[in-house]
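Just below is one structure, and these are the notes that go with it.
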Amino acid sequence: MFNNNYKTNFISIIIAYYIAQMLLAFIWQNTENIRYFSVFQLVFFVAPILFFIKENIFSELTHTETNSSIIQHQSSNFWNTVKNELKINLNFKPEIIVYLLWGLFGLSLLNAGVMSITEYFIPNKLMEIYDSVMKNTIATQIYLTTNHSKTIFEFLQIVFFIALIPAVCEEILFRGYLMQNIMADNSPLFALITSALIFSIIHFNIGGFLPIFFIGLYLGMLVYATKSIIPAIFLHFLNNFFIIIGMNYGDINYEQNIPIGFGLLLFILGGILVSFTYSKIKIWFKIT
């Protein structure tokens, strides 16, 4: 696997990422520019992981190869190792995309039910405190995902920086690096749940903790079933993209007041649909 110190590496990556964001936000005090901060994920998520893989290859070669052959083998093995360790491959049937769309729809139903059930059990006073604390953060998120100038260019910018880059970088970090390392020493179920839990915590979204957890869990299940992070990247991108579409063309002031009974029904239906799509994917890839 990549590195025995993956836990320290992961924590260092996350700390460095958020410190860099806070410092630049303090220096570059412009709300709209925060959308470009996703580029930090390329710098702090992807680049260090590639470095860890390279160092691991070099370390292994120094024990098996002479000095004259180390550089040649390191270069030839690097990208093959990257693709193998991070599960970057296109070896899956295109039909899986149809089930991914149904899976995303099932997740939407499930998470809508989760949100309504959660809100039912949380005291109103606590929700008021949470809303007051998160008001500025939510307002900023809405602002960043809204096409204010109504131009195609700005919309594509939003999609690229808020939907595409996070989908690629977060899947490489959480499902490609973290989950695979956890799975090397633990059961797949433990790796799936743990990586999804950390994925949700890292988003610092109390209200969306469970929905983000379920999304992370399903993304991990996809990687485990397909042995590739490409379907997970695609689903992650679609989830982000539809959020952007909803922010731009939906009613952002709409309040979802779903009765507890209907919320429970949505949760059950969504869970059934997600389970069905995953079972089909498992059959294709002969996962037991």
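Using the structure shown, decide if Ile172 is out of contact with any Phe, Trp or Tyr (no Cβ under 9 Å at 6 or more places or on another chain), under 28 Å from Tyr36 (Cβ atoms), assigned to a helix (DSSP H, G or I) and of a type in the set (A, V, I, L, M). If you could, list the steps in order and put the result at the bottom.
Working: out of contact with any Phe, Trp or Tyr (no Cβ under 9 Å at 6 or more places or on another chain): no; under 28 Å from Tyr36 (Cβ atoms): yes; assigned to a helix (DSSP H, G or I): yes; of a type in the set (A, V, I, L, M): yes.
Against the criterion (out of contact with any Phe, Trp or Tyr (no Cβ under 9 Å at 6 or more places or on another chain), under 28 Å from Tyr36 (Cβ atoms), assigned to a helix (DSSP H, G or I) and of a type in the set (A, V, I, L, M)), Ile172 does not qualify.
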Which listed residue, of Lys93, Lys125, Lys135, is more than 19 Å from the chain's Cα centre (by Cα), surrounded by fewer than 16 Cβ atoms within 10 Å (Cβ to Cβ) and at pLDDT below 70: Lys135
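Within the stretch 69-78, does at least one residue satisfy the condition of being at pLDDT 75 or above, closer than 21 Å to Leu178 by Cβ and not basic (Lys, Arg)? Explain how you work it out, then say what you get.
First, the residues of the stretch 69-78 that are at pLDDT 75 or above: 77-78.
Next, from what is left, pick out any that are closer than 21 Å to Leu178 by Cβ: 78.
Next, only the ones that are not basic (Lys, Arg) stay: 78.
Yes - at least one qualifying residue is present in the stretch 69-78.
The values are calculated or read from the model by the stated rules, or taken from the named source; none is laboratory data. What you see is a predicted model; the values in this text were computed from it and never measured. Backbone-built Cβ (ideal geometry, glycine too); neighbour counts: all protein chains shown.
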